Amino acid sequence: MNKRFKKDTLLIGAVAGTIAKVIQDAIGFIIITFFLPTYINCVRIAGGLLLTPNEMMSGGFWPSLLGFQIDLIVSIVVGIISVLILQHWGHDYYLFKGAMIGLVCWVLLYIVFSKLLSSVYPFGSILHAEISFIKHITYGIVLTWVAVWFGKLSDNRV
């Protein structure tokens, strides 16, 4: 095994990606439920890869679950890549690096790939874009914070 990479890289990335995604989607759920029912969150965009916009925007359990599953898988992959980035370039300023990872995800996944791949994509609402911008920064910061914390925890094992 390459000594450059920790033994639990995949696990740490998967756990960090899962926790960050659950927090991001919980914020999105609160926004949709209580404030802005038309908000296009990542779950709706991800579900739009396989379903129609009407099915995703209906807010039903099964379409939302499918969107969450797809979104979670993407987040796990982003989490693993983020851990590899932190292992390569170090943990210094990890919250800043997390914010940058969140912003790259916002541009690539929320803006570019959603338009190319999904039947549900963000449209010309500045409010929706700004909410998503803040949520993705939060996602990246939580992702790297959990990865660094969990990485330290795994280093202290017996």
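None of the figures in this text is laboratory data; all of them are computed from the coordinates on show. Everything quoted here is computed from the prediction, not taken from an experiment. As a convention, Cβ positions derive from the backbone with ideal geometry for all residues, glycine included, and neighbour counts pool all protein chains shown.
Of the set (1) in contact with a Lys or Arg (Cβ under 7 Å, 6 or more places away or on another chain); (2) closer than 22 Å to Gly59 by Cα; (3) of a type outside the set (Gly, Ala, Ser); (4) not in a loop (DSSP other than H, G, I, E, B), all apply to Lys115 but (1). Could you run through region 107-139 and say how many residues are more than 19 Å from Gln24 (Cα to Cα) and either touching a Leu at 6+ places or on another chain (Cβ under 8 Å) or among the aromatic types (Phe, Trp, Tyr) (or both)? Final tally of qualifying residues: 4. Here is the figure for region 27-73: residues that are farther than 18 Å from Ser125 by Cβ and touching a residue at least 60 places away in the same chain (Cβ under 8 Å) total 5.
Asp92 fulfils the conditions (1) in a loop (DSSP other than H, G, I, E, B); (2) in contact (Cβ under 8 Å) with a residue 60 or more places away in the chain; (3) surrounded by fewer than 18 Cβ atoms within 10 Å (Cβ to Cβ) except for a single criterion, (2).
If you filter region 8-43 down to residues that are among the polar types (S, T, N, Q) and surrounded by fewer than 16 Cβ atoms within 10 Å (Cβ to Cβ), you find that the one that is nearest to Ile111 (Cα to Cα) is Thr38. The set of residues in region 104-120 being surrounded by 16 or more Cβ atoms within 10 Å (Cβ to Cβ) and either under 12 Å from the mean Cα position of the chain (by Cα) or within 18 Å of Thr9 (Cα to Cα) (or both) consists of Cys105, Trp106, Leu109, Tyr110.
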